[in-house]
Amino acid sequence: AGAGCAPAVEPAGARGVLVTVCLPELPGVLRWLSEQPLVHFVAPHHVARPSNLLAKIITQIGEVPYGAAEQPLMWQYSPFTYLGVDGSGEVIGVGDTGLQLDSCFLFDPDSPLTEADAVRDPIMGVRVLRPKNHRKIVQYYGLRSLSDESGHGTHVTGTIVGEPIVPYENLTVVGDRGSVWTPEHARGLAPKAKIAFYDLLDNNKQGLLTPPTDLITHYLTVQYRAGARVQSDSWGYDGTFAYSDSSSQVDTFAWYHPDFLMLFAAGNNAERIKGLTSERDADGLLPGGCVSAPANAKNVLAVGATLNLVPATEGTAVEMALIDARASPAGEAAMTLEPTVSLDFGTHAPLYARPLRVVVAEPYLACQPLRNAAADVRGALVVVGRGRCNFSSKAGAVSDAGGAAMLIVNFNDAALLPGVNPRALVTPVSAVPLELGREILALLGMQLPENAEAIGASESLPRGGTAASGDGLPNVTVVVSPVAPGRPFEDVAEFSGYGPIIDGRIKPDLVAPGATLLSAYGRGPLRGVSDTCSMARLQGTSMATPVVAAAAAQVRQYFRAGYYPSGMRRRSDEYDAPSGMLVKAVLTAGAAEPTGDSALLGRRLIDVGTAGRFDGFGRVDLTRSLPLQGNLHAVQRSNLQVVDMVPIAEGDTHAYVLASSGGDVAVSLVWFDYPADVNAYAALVNDLDLVVEVTSPGEPDADGVRWPRTVSHPGNGVPGSPPDRVNTVERVVLRGVPPGARLRMTVTAASLPSAFLDPDTPQRYALAITGLHTGTLESPYNPAYRPPSPPVYPPPRQPESPPLAQAFQQV
């Protein structure tokens, strides 16, 4: 090792050691380690990257009915929350950048917390807050600090449990100029749950997270002991798509703690990896997908992101028609685009139908006062580049120069949502990906360098676009017009990580709204005084993950509080310990298949429904998963039947029978599998098979296929499909099953190597059946099953009493 650079070795829990070496020595060290007989695997150690009201409506009822966007606070649009399935009694673990406990969404006026309330953990040596009766927090484990220096952790936590203290009418809302948003609009999806928080933010400028190397001992066990049974992690290891050490660790924890469900963000890699030179398929997608570890583990629930519906207030969605004065015929639009509109800055409404000049900022990044001629900028749409300073600084430079609006060109092809406006600027701000930005700049006679991220803060762009003419620049104007939103939550967001992953497993498991989510936001030290209900809109699979985590907590509460199977709360029906497998099975069985037909990758449209590449098993929809008395959006006669924690031995087949009541039925099988070896190509160890047989002499179905039929996953309704040999979730969806048809579901243990690897731990599974069916699964592992009482034989016959008159004679 060179001067000032020495190798270091430190324990990494029971699984091995963490070796840190100097970069020049890395090839030799890797070669030497790989030759040692005691070394079982060598894998890189990564740092992690952090990867609501309408989201609540979409998740709870599966749609946004007419009028809901304008009156979203009405109870019927969030039936589970308002009918008592609101997370009460549940503890949800979150690991992220920190918490701003002074946020009005988390602050408890009866139990204000300061850093002086922290105690020192005797094992880890970190500071911990363990308030006894705090309304939101049961534990705050401060690995680095007891505050949020990013805002990311506060945002995701607010999505789950955020609940503004009242009264808040006089509190300001940071980042919303002239909007109708109030703190009530950012209320969490499970507002009565509580949080066990683990601060993972390292002291670095990149905002990177540093989860413990030993996730089992120093992270998951800490959360589990705090009472968490649902764990929400909006982070992952970027670029790690193989079954890594972190994947194996979380699978190990779930194998031994089946009552614990971990949710991980699938990652925002779909756009980040576009520049890679790896082999691509016909759609330009990466074989093996781009779902980051540990979301690619078997026993977790990986969450992807859909777009979110933004209410159609003025300026929330716009179309821009760029018109070149030299266009032929005169006035023909040279380019039409729909940029991403920031809701944290001003509205575009005052610009509608008013032609504006389009100019490029000098310097291009607008991190300094603009050098453009004042007459050119005044009243114009100013095109600026992303980088070197925050969005508010750029908007300030444009506003100070008299610009009417700002259009940001990203330095990569990812979608960009400019957010956070601490100066409360009213300049309308929108953004486009790099590919589209190059076309716009070329139209304006400007040439963008190949590496757009390397542009200096004081640099201006050189001329040279396709529209450049001599020494002059083309005269381009823009006309802005509103666009009415449709159902964007039916489309997967362009940044969301996709599958199938390397061994063919379906990932992500589920998707939920993850774009433009409004939630609590706050940064800075803990003071013990409530803030002004600051909010912000962020996007990413990081934002979608807490949406599903909240839904998972609601499913768990549904069983524990006795809502199953009737949909009404009954103490006699309480099921105290639903497994993580059951929660995952119920969510996947009831998931809605997105009706949109595309994922937006750059400017291309790709079919979402291709083998679950983008949406997994579908979009979370609690109305389809859980019958609830009083839910006006539920399909009548829709039912749920489950079995949970069922042990099974190799070669065994378990059979269950229900009857169709006429309509669609979905069956989902979930098991937590024995952990695979690190870097294993095929991660599946124990293999179970789900088969559904339908017997009916009825008429042909809509596809002309006659019943009866036998269906297995991944056939998903197609008879004769081969059994699944890669997934730990198997689902069968049957459409239009005739009434009275007999549904026979079998679960078979095709192969259980864990019987030799861990003979003391049986393989268990959960099964959930949603949709239009009747009957009860006759199994002691069904919490709703009540076995018939044994027959009570009549007592020996007694002699009849004599007639009354005879009795008197005898006396």
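The values are calculated or read from the model by the stated rules, or taken from the named source; none is laboratory data. Remember, predicted model here, so these are calculated numbers, not experimental data. Don't worry about glycine lacking a Cβ; one is built from the backbone with ideal geometry, like all the others, and counts go over all protein chains shown. In case anyone asks, the SASA skips ligands and DNA or RNA and just uses the protein heavy atoms, side chains included. Shrake-Rupley method; radii C 1.70, N 1.55, O 1.52, S 1.80 Å.
Taking the criterion of being more than 19 Å from the chain's Cα centre (by Cα), at pLDDT 95 or above, farther than 22 Å from Thr728 by Cα and open to solvent by 10 Å² or more (accessible area, probe 1.4 Å), would at least one residue in the stretch 246-255 satisfy it?
No, the stretch 246-255 contains no residue that is more than 19 Å from the chain's Cα centre (by Cα), at pLDDT 95 or above, farther than 22 Å from Thr728 by Cα and open to solvent by 10 Å² or more (accessible area, probe 1.4 Å).
Could you go through the stretch 73-89 and let me know if any residue there is under 24 Å from the mean Cα position of the chain (by Cα), under 26 Å from Leu209 (Cβ atoms) and modelled with pLDDT of 90 or more.
yes
Taking the condition of being on the phi < 0 side of the Ramachandran plot and out of contact with any strand residue (DSSP E or B) (no Cβ under 9 Å at 6 or more places or on another chain), how many residues in the stretch 559-596 meet it?
13
Out of the residues in the stretch 207-236 meeting the condition of being open to solvent by 20 Å² or more (accessible area, probe 1.4 Å) and hydroxyl-bearing (Ser, Thr, Tyr), tell me which one is farthest from Gly16 (Cα to Cα).
Looking at the filtered set, the residue picked out is Tyr224.
Take the residues in the stretch 743-761 that are open to solvent by less than 60 Å² (accessible area, probe 1.4 Å) and not hydrophobic (A, V, I, L, M, F, W, C); name whichever of them is nearest to Val732 (Cα to Cα).
Pass one, the stretch 743-761, residues open to solvent by less than 60 Å² (accessible area, probe 1.4 Å): 743, 745-755, 758, 761.
Now narrow it down to the ones that are not hydrophobic (A, V, I, L, M, F, W, C): 746, 748, 751, 753-754, 758, 761.
Details: Thr746: 12, Thr748: 15, Ser751: 21, Pro753: 25, Ser754: 26, Asp758: 30, Thr761: 28 Å.
Only one residue tops the list, namely Thr746.
Within the stretch 112-141, which residues are modelled with pLDDT under 90, under 18 Å from Tyr224 (Cα atoms) and of a type in the set (D, E, K, R)?
Of everything in the stretch 112-141, just one residue is modelled with pLDDT under 90, under 18 Å from Tyr224 (Cα atoms) and of a type in the set (D, E, K, R), namely Asp121.
Within the stretch 398-407, can you find the residues that are open to solvent by 10 Å² or more (accessible area, probe 1.4 Å) and within 13 Å of Arg371 (Cα to Cα)?
The answer is Asp400, Ala401, Gly402, Gly403.
Can you name the residue in the stretch 87-106 that is open to solvent by 20 Å² or more (accessible area, probe 1.4 Å) and in a loop (DSSP other than H, G, I, E, B) and, of all such residues, is nearest to Pro578 (Cα to Cα)?
Gly89
Considering only the stretch 394-446, state which residues are out of contact with any helix residue (DSSP H, G or I) (no Cβ under 6 Å at 6 or more places or on another chain) and of a type in the set (D, E, K, R).
Lys394, Asp400, Glu435, Arg438, Glu439, listed by residue number.
I'd like to verify a number: residues in the stretch 787-811 that are under 30 Å from Ala766 (Cβ atoms) and either modelled with pLDDT under 85 or under 37 Å from the mean Cα position of the chain (by Cα) (or both), how many? Before the answer, list the steps.
Keep residues of the stretch 787-811 that are under 30 Å from Ala766 (Cβ atoms), which gives 787-790.
Those left that are additionally either modelled with pLDDT under 85 or under 37 Å from the mean Cα position of the chain (by Cα) (or both): 788-790.
Of the residues in the stretch 787-811, 3 are under 30 Å from Ala766 (Cβ atoms) and either modelled with pLDDT under 85 or under 37 Å from the mean Cα position of the chain (by Cα) (or both).
Condition test on Leu381, is it hydrophobic (A, V, I, L, M, F, W, C) and either farther than 18 Å from Ser458 by Cβ or under 32 Å from the mean Cα position of the chain (by Cα) (or both)?
Working: hydrophobic (A, V, I, L, M, F, W, C): yes; either farther than 18 Å from Ser458 by Cβ or under 32 Å from the mean Cα position of the chain (by Cα) (or both): yes.
Considered against the rule, which asks whether it is hydrophobic (A, V, I, L, M, F, W, C) and either farther than 18 Å from Ser458 by Cβ or under 32 Å from the mean Cα position of the chain (by Cα) (or both), Leu381 comes out as yes.
Considering every residue within the stretch 721-732, establish whether at least one is surrounded by fewer than 15 Cβ atoms within 10 Å (Cβ to Cβ), assigned to a loop (DSSP other than H, G, I, E, B) and modelled with pLDDT under 90.
Yes: one or more hits.
Report, by residue number, each residue of the stretch 386-436 that is of a type in the set (S, T, N, Q) and in a helix (DSSP H, G or I).
Ser392, Ser393, Ser399
Can you name the residue in the stretch 445-455 that is open to solvent by 10 Å² or more (accessible area, probe 1.4 Å) and more than 33 Å from the chain's Cα centre (by Cα) and, of all such residues, is nearest to Leu473 (Cα to Cα)?
Here the answer is Met446.
What is the one condition in (1) under 16 Å from Glu362 (Cα atoms); (2) within 32 Å of the chain's Cα centre (by Cα); (3) open to solvent by less than 60 Å² (accessible area, probe 1.4 Å) that Arg388 does not satisfy?
For Arg388, the exception is condition (3).
Being open to solvent by 30 Å² or more (accessible area, probe 1.4 Å) and more than 19 Å from Pro109 (Cβ to Cβ) is the filter; apply it to the stretch 526-543 and report the residue that is nearest to the chain's Cα centre (by Cα).
If we take residues in the stretch 526-543 being open to solvent by 30 Å² or more (accessible area, probe 1.4 Å) and more than 19 Å from Pro109 (Cβ to Cβ), then Gln539 is nearest to the chain's Cα centre (by Cα).
Being in a helix (DSSP H, G or I) and modelled with pLDDT of 55 or more is the requirement here; does Glu184 meet it?
Considered against the rule, which asks whether it is in a helix (DSSP H, G or I) and modelled with pLDDT of 55 or more, Glu184 comes out as yes.
Quick one: Lys192 ticks every box in (1) over 30 Å from Arg130 (Cβ atoms); (2) at pLDDT 75 or above bar one, so which box is it?
The failed condition is (1).
When you look at Gly663, is it within 33 Å of the chain's Cα centre (by Cα), open to solvent by 20 Å² or more (accessible area, probe 1.4 Å) and on the phi > 0 side of the Ramachandran plot, yes or no?
Spelling it out, it is not the case that Gly663 is within 33 Å of the chain's Cα centre (by Cα), open to solvent by 20 Å² or more (accessible area, probe 1.4 Å) and on the phi > 0 side of the Ramachandran plot.
Go through (1) modelled with pLDDT of 90 or more; (2) open to solvent by 10 Å² or more (accessible area, probe 1.4 Å) for Pro422 and report which single condition fails.
The failed condition is (1).
Looking only at the stretch 666-693, which residues are more than 14 Å from Arg725 (Cα to Cα) and crowded, with 22+ Cβ neighbours inside 10 Å?
Passing the criteria: Ala666, Val667, Ser668, Phe672, Pro675, Val692.
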